[in-house]
Amino acid sequence: MKHIALKGVTIRDSPCWTVTFSECEDIKVHGLTVRTDLNIPNDDGLHVCSCKGVIVSDCNIESGDDCIALTAITNWQKPCEDVVITNCVLKTCSKAIAVGYIYSHIRNVLIDNVIVKESNRGLCFMSNPECGLIENVRVKNMIIDTRIAAGNWWGNGEPIYILGIQHDFHIPAEQKPLRDTKVNFRNIHFRGITCTSENAIAIAGTGSNMEGITFRDIDVALKPSENIELKGRTMDTAPARAVYEIPENCAVYCSKAPDVVFEDMHLGELTMVSEL
């Protein structure tokens, strides 16, 4: 389908994905309000799969699962591209904005002027090292507030999260796209973001699969957590099986991501940890 406009709509109490677009072109979502039960998993607010030319603006979304997700899970061969997300307020027990998953190819994304409040994870980027790719993304002017939710939700209080390790264990080999990707994250830039969180910004790579990733003018303040002991001070890598322990008072944790650049970081007395 092409040339779709969804404007000024309110949707309540969806039991599963609330609004979904799959392999569509020229989409405008403006003034969407979603109020789903924060205790129900898989009730994504807006899920965009393998679409081209998407503008999401002035939306207010509360959902148990992803508020806004950009993936290619309905067709691994087709990219999700040319997407703008702006002027939104998001709240979730899971990921507020999810970009990529497993073999998804996501490219040309702008995220600007977004508030994330009381969410289990703020921004999430996931790409499988074998043939996933996320490229040409700019994120700026955000306020992210995370808290750790009890239960089996995505995340563990990370305000910004990049996962570039194997996480495709339930996908049959014949469904893998025939795509050769030398890096899995390319030209992704974060700027002007304030994080108040119960866990660190967390990044996990494989080899040198991240290229042109920058963080500039980022504030991170850690706050006490009632639920940190449920998973421990770790990065939630689901559906992968790796375990990454995050040190106390760590605001930014990187594993095997030596090419990520950090400039003008405002961490107070907190630390940055990079493990090769």
Does segment 15-39 hold any residues that are open to solvent by less than 60 Å² (accessible area, probe 1.4 Å) and in contact (Cβ under 8 Å) with a residue 40 or more places away in the chain, and which are they? T18, S22, L38
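Go through segment 154-180 and report how many residues are of a type in the set (S, T, N, Q) and modelled with pLDDT under 90.
Pass one, segment 154-180, residues of a type in the set (S, T, N, Q): 156, 166, 175.
After this cut, where a residue has to be modelled with pLDDT under 90 as well, the list is 175.
Number of matching residues: 1.
Within segment 114-129, how many residues turn out to be part of a strand (DSSP E or B), farther than 30 Å from R179 by Cα and open to solvent by less than 10 Å² (accessible area, probe 1.4 Å)?
Our first condition is that a residue be part of a strand (DSSP E or B); within segment 114-129, this holds for 114-119, 121-126.
Keeping just the survivors that are farther than 30 Å from R179 by Cα gives 114-119.
Filter once more, keeping what is open to solvent by less than 10 Å² (accessible area, probe 1.4 Å): 114, 116, 119.
Residues flagged as part of a strand (DSSP E or B), farther than 30 Å from R179 by Cα and open to solvent by less than 10 Å² (accessible area, probe 1.4 Å) within segment 114-129 amount to 3.
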List every residue pair whose Cβ atoms lie under 9 Å apart, where the two residues are 6 or more positions apart in sequence or sit on different chains, the first residue falls within segment 243-262 and is without any contact (Cβ under 8 Å) to a residue 12 or more places away in the chain, and the second residue, located anywhere, is part of a strand (DSSP E or B). V243/T234; V243/M235
Are there any pairs with C-beta distances below 7 angstrom linking a residue in segment 156-178 that is over 30 Å from K140 (Cα atoms) to a residue that is surrounded by fewer than 20 Cβ atoms within 10 Å (Cβ to Cβ) and of a type in the set (A, V, I, L, M, F, W, C), with the two at least 6 apart or on different chains, and if so which? K176/C131; P177/C131
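Being open to solvent by 40 Å² or more (accessible area, probe 1.4 Å) and touching a Pro at 6+ places or on another chain (Cβ under 8 Å) narrows it down to one residue among R138, R107; which is it?
Details: R138 fails: touching a Pro at 6+ places or on another chain (Cβ under 8 Å).
Step by step, each of R138, R107 is checked, and only R107 is open to solvent by 40 Å² or more (accessible area, probe 1.4 Å) and touching a Pro at 6+ places or on another chain (Cβ under 8 Å).
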Tell me which of these S94 doesn't satisfy, since it passes every other one: (1) of a type outside the set (D, E); (2) closer than 14 Å to C49 by Cα; (3) in contact (Cβ under 8 Å) with a residue 60 or more places away in the chain; (4) open to solvent by less than 10 Å² (accessible area, probe 1.4 Å). (2)
Pairs needed: first member in segment 113-134, more than 23 Å from N152 (Cβ to Cβ); second member anywhere, of a type in the set (K, R) and surrounded by fewer than 24 Cβ atoms within 10 Å (Cβ to Cβ); C-beta distance under 6 Å; at least 6 residues apart or different chains. C131/R179
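Does D82 count as open to solvent by 40 Å² or more (accessible area, probe 1.4 Å), of a type outside the set (V, I, T), farther than 23 Å from G151 by Cβ and within 17 Å of the chain's Cα centre (by Cα)? Steps first, please.
On the way: open to solvent by 40 Å² or more (accessible area, probe 1.4 Å): yes; of a type outside the set (V, I, T): yes; farther than 23 Å from G151 by Cβ: yes; within 17 Å of the chain's Cα centre (by Cα): yes.
Taking the combined requirement at face value, the residue satisfies it.
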Looking only at segment 151-166, decide whether some residue is more than 13 Å from the chain's Cα centre (by Cα) and either assigned to a strand (DSSP E or B) or surrounded by fewer than 15 Cβ atoms within 10 Å (Cβ to Cβ) (or both). yes
Answer with yes or no whether E211 is free of Cβ contacts under 8 Å to residues at least 12 places away in the same chain, surrounded by fewer than 17 Cβ atoms within 10 Å (Cβ to Cβ) and either hydroxyl-bearing (S, T, Y) or not in a loop (DSSP other than H, G, I, E, B) (or both). no
Identify, by number, the condition in (1) in contact with a strand residue (DSSP E or B) (Cβ under 6 Å, 6 or more places away or on another chain); (2) surrounded by fewer than 17 Cβ atoms within 10 Å (Cβ to Cβ) that A257 doesn't meet. (2)
Residues of segment 140-153 satisfying the condition of being under 23 Å from S127 (Cα atoms), at pLDDT 95 or above and not aliphatic (A, V, I, L, M): K140, T146
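The values are calculated or read from the model by the stated rules, or taken from the named source; none is laboratory data. The structure presented is a predicted model; accordingly, all values stated were derived computationally and were not measured. Cβ atoms come from the backbone with ideal geometry, glycine included; neighbour counts cover every protein chain shown. Accessible surface is based on the protein model in full, side chains and every heavy atom, while ligands, DNA and RNA are left aside. Shrake-Rupley method; radii C 1.70, N 1.55, O 1.52, S 1.80 Å.
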